[in-house]
Amino acid sequence: MRLAGIVTVLGVLIGCQPSHRTKAADPLQPEGQRAATTRPASAHDEAITLDLDVSLDARQSVVWCATAQIAWAELGQRFGGAASLDPIHSNALRDAADDATSLAMNQFPREWVDQRKIVAEAGEFTQPWLSEVRAMVREKFGDDFETPLLDQLEASETPTDIATYSALHVLAPFKHVFPTRETTFGVGGDPNHASNGGMETSPIYHGFGIRRTSSPEGPELALAAAQVIIHWYTPPKRLLEVIGMSEGEPMEDAAADEVGYLVELKSTTSREHLLLARLGEPKSLRAAIANAMRRFRNPNTRSVNQANVLEQISREGRSIEESIALMQNLDLADRLGPFDEFLAPLLTIDAVRQYPSLLGRDFRSPEALRRYRLAMAGQSIRFSLNEKGASLESEAALGGLFGGGTRIFDFSNPFLVMLVHDDAPWPYFAAWVGDDTFLMLAPPEKQPDATEDPDL
């Protein structure tokens, strides 16, 4: 089965010079040596988008984070109203118009993230303002949190009169480390798939997961497996045909999609939810997120478990008071069964993207901003997912110038990964993993021989 996963980590700076990338110490660094992805940095940079309506028709990877929208909203709030830029009527500058619209229209209230994990400030760009922002970052995130975009804003040779800044830092470690595994990524997870009329050997990537059929059951494996919570599951069409279920019966959407499931990897950060979802072939990032959030907020597996518990309570003849107390204390989450499997690739996102198409645009509103012009625009994102958990560091800044059966949850095909705050209707981080841009190649000895079938 396939699942789509969204993860969003984003940092935004509105600036005109390239950011200098540095590698911060990652408390969730995976064990052992991991070969870095062979994709160039530019592939990560180009995956960042401001536009939730970006098409996912092509096989590609896309990353979105709310940091840009939070910084943009903070600017408007500081200067008296929703911020917007003058419209562009030239078709040649359509991308610039789309970026500006995405900033203004895709609103994301900062209340949708944990306030202990976000810094957002806007105002006149002065040394006291800059010192205050740096103090806030140190207080919330510690001295090790790097601020390359804020540094760039300070060091820019272009004078800056106003600025807005947003930083987000989230750690979601697993209490129990998952076993490491290798995985392919592509059609059916099959390391050998047809390409250009011939057979192409799929690379092997680092991953983690649970394989019940080949791993001995043990306490550590059981504890790790219990961290996988299934919120939504629909069997593939071929399984429905085997068990004789028609398209009009309860799992009808599975007949249309070959796959459909959403799982949560439970971390020690109780109010943050790390979700991975296989969603067939969504047309846009917005559609993928909306579909995943609908399934997350309206799970179909929990209701089944609840019905089973209610039936048991009815048979036991408990009183209403006893039944209510029992239901409140029960964990009704659906977890991996004795024969279920879970597999996901390690992800590493390290991206910076500038938006020169926005530079030089005059502010249209609010009135207090109409005398300013946008002078800096960009984003940075650093996100990782491995057997120890997920971590996210991001910045955002804007600068302006005056003037059934065995279930297999296998993420070795395109998927969505998200981070969403408890009770929030929308995630603050999302990534569509459509190709191997963010994956980490296993060492050469793990790669399959082109003349042999790899035994995974």
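Find all pairs meeting these conditions: Cβ atoms under 7 angstrom apart; at least six residues apart or on different chains; first residue within region 52-75 and farther than 23 Å from Phe415 by Cα; second residue of a type in the set (Phe, Trp, Tyr) and surrounded by fewer than 24 Cβ atoms within 10 Å (Cβ to Cβ).
Going by the 7 Å Cβ cut-off, the qualifying pairs are Gln69/Phe108; Ile70/Phe108.
Going by what's in this entry, would Val113 be described as within 17 Å of Ala172 (Cβ to Cβ) and not charged (D, E, K, R)?
yes
So, in region 112-150, exactly how many residues are in a helix (DSSP H, G or I) and either in contact with a helix residue (DSSP H, G or I) (Cβ under 6 Å, 6 or more places away or on another chain) or at pLDDT 90 or above (or both)?
Residues meeting the conditions: 19.
Residues being among the charged types (D, E, K, R), in contact with a Gly (Cβ under 9 Å, 6 or more places away or on another chain) and farther than 30 Å from Val177 by Cβ: count how many of those fall in region 363-403.
If we filter region 363-403 for residues that are among the charged types (D, E, K, R), which is where we start, we get 364, 367, 370-371, 373, 382, 387-388, 393, 395.
Adding the requirement that they be in contact with a Gly (Cβ under 9 Å, 6 or more places away or on another chain) leaves 367, 371, 373, 382, 387, 393, 395.
Next, only the ones that are farther than 30 Å from Val177 by Cβ stay: 367, 371, 373.
Going through region 363-403 one residue at a time, the tally reaches 3.
How many of the residues in region 431-442 are assigned to a strand (DSSP E or B) and more than 15 Å from Ser384 (Cβ to Cβ)?
Residues of region 431-442 that are assigned to a strand (DSSP E or B), as a first pass: 431-433, 441.
When the remaining residues are screened for being more than 15 Å from Ser384 (Cβ to Cβ), the result is 432, 441.
Of the residues in region 431-442, 2 are assigned to a strand (DSSP E or B) and more than 15 Å from Ser384 (Cβ to Cβ).
Evaluate the following for Ala100: is it farther than 23 Å from Leu369 by Cα and either part of a helix (DSSP H, G or I) or at pLDDT 90 or above (or both)?
no
Being buried (at least 20 other Cβ atoms within 10 Å of the Cβ) and closer than 19 Å to Phe402 by Cβ is the filter here, so list the residues in region 126-156 that pass it.
Within region 126-156, Leu153 is the sole residue that qualifies.
For region 36-94, enumerate the residues that are at pLDDT 90 or above, assigned to a helix (DSSP H, G or I), under 20 Å from Ile349 (Cα atoms) and among the small types (Gly, Ala, Ser).
Ala68
Among what's in region 369-411 and is among the polar types (S, T, N, Q) and out of contact with any Ser or Thr (no Cβ under 7 Å at 6 or more places or on another chain), pick the residue that is nearest to Phe438 (Cα to Cα). Write out each step before concluding.
Going through region 369-411, the residues among the polar types (S, T, N, Q) turn out to be 379-380, 384, 386, 391, 394, 406.
With out of contact with any Ser or Thr (no Cβ under 7 Å at 6 or more places or on another chain) added as a condition, the list becomes 379, 386, 406.
Working: Gln379: 17, Asn386: 12, Thr406: 29 Å.
Filtering first and then ranking leaves Asn386.
Filter region 338-366 for residues that are of a type in the set (Phe, Trp, Tyr) and at pLDDT 85 or above; which is nearest to Gln77 (Cα to Cα)?
Applying the filter and picking the extreme gives Phe363.
Residue by residue, here is whether (1) out of contact with any Leu (no Cβ under 9 Å at 6 or more places or on another chain); (2) among the polar types (S, T, N, Q); (3) modelled with pLDDT under 90; (4) within 30 Å of Pro159 (Cβ to Cβ) holds:
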{"residue": "Ser380", "(1), (2), (3), (4)": "no, yes, yes, yes"}
{"residue": "Asn386", "(1), (2), (3), (4)": "no, yes, no, no"}
{"residue": "Glu395", "(1), (2), (3), (4)": "no, no, no, yes"}
{"residue": "Leu401", "(1), (2), (3), (4)": "no, no, yes, yes"}
{"residue": "Ala424", "(1), (2), (3), (4)": "yes, no, no, no"}
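Just one of Glu281, Glu322, Glu311 is touching a helix residue (DSSP H, G or I) at 6+ places or on another chain (Cβ under 9 Å) and either modelled with pLDDT of 85 or more or not aromatic (Phe, Trp, Tyr) (or both); which is it?
Glu322
Please count how many residues of region 151-180 are closer than 16 Å to Leu359 by Cβ, among the hydroxyl-bearing types (Ser, Thr, Tyr) and touching a helix residue (DSSP H, G or I) at 6+ places or on another chain (Cβ under 9 Å).
Selection size over region 151-180: 2.
The values are calculated or read from the model by the stated rules, or taken from the named source; none is laboratory data. All values reported here derive from a predicted model rather than from experimental measurement. All Cβ positions, even for glycine, are placed from backbone atoms using ideal geometry, and neighbour counts span all protein chains on display.
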